[in-house]
Amino acid sequence: MENPEINKQVEIDNPMKEWLVNYVGEAVKPENNQVTVGMIVEQMMKEFPEFLMVIAEENFIRGYQQAFADLEEHQKQQQETQQNNG
């Protein structure tokens, strides 16, 4: 399953996006001159993988934290249901 955002053309609405789109555009040279989010991610993987690793690791950790929070909430609700029914 692919995130549809990956194929979206980047809208230039601030100086950083302008720089990044121009940089990636020069590196990738897309046929239609449109830089997508996916092109930026690929270029970042090639040239600055440690940046993406920090983001990926943080996302992974937050996902686990949320899973444990959800599990605790579920267990709490089950105990309350058992107490009310028992």
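Read-outs: derived from the displayed coordinates by stated rules, not from any lab. Predicted, not measured: the structure shown is a model, and the values here were computed from it. Ideal geometry is used to build each Cβ from the backbone, glycine not excepted, and the neighbour counts take in all protein chains shown.
Determine if the stretch 40-59 includes at least one residue that is within 24 Å of N3 (Cβ to Cβ) and either of a type in the set (S, T, N, Q) or touching a Ser or Thr at 6+ places or on another chain (Cβ under 8 Å) (or both).
yes
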Using beta carbons and a limit of 7 Å, which pairs, at least six apart or on different chains, have the first residue in the stretch 11-29 and without any contact (Cβ under 8 Å) to a residue 24 or more places away in the chain and the second one in a helix (DSSP H, G or I) and surrounded by 14 or more Cβ atoms within 10 Å (Cβ to Cβ)?
I12/V21; L20/I40; V24/M39; V24/I40; V24/Q43; A27/Q43; V28/M39; V28/Q43
Please work out which residue is surrounded by the fewest Cβ atoms within 10 Å (Cβ to Cβ), limiting yourself to the stretch 10-32 and to residues that are more than 20 Å from K46 (Cα to Cα) and among the polar types (S, T, N, Q).
N32
Scan G38, G25 and give me the residue that is touching a helix residue (DSSP H, G or I) at 6+ places or on another chain (Cβ under 7 Å), part of a helix (DSSP H, G or I) and among the small types (G, A, S).
G38
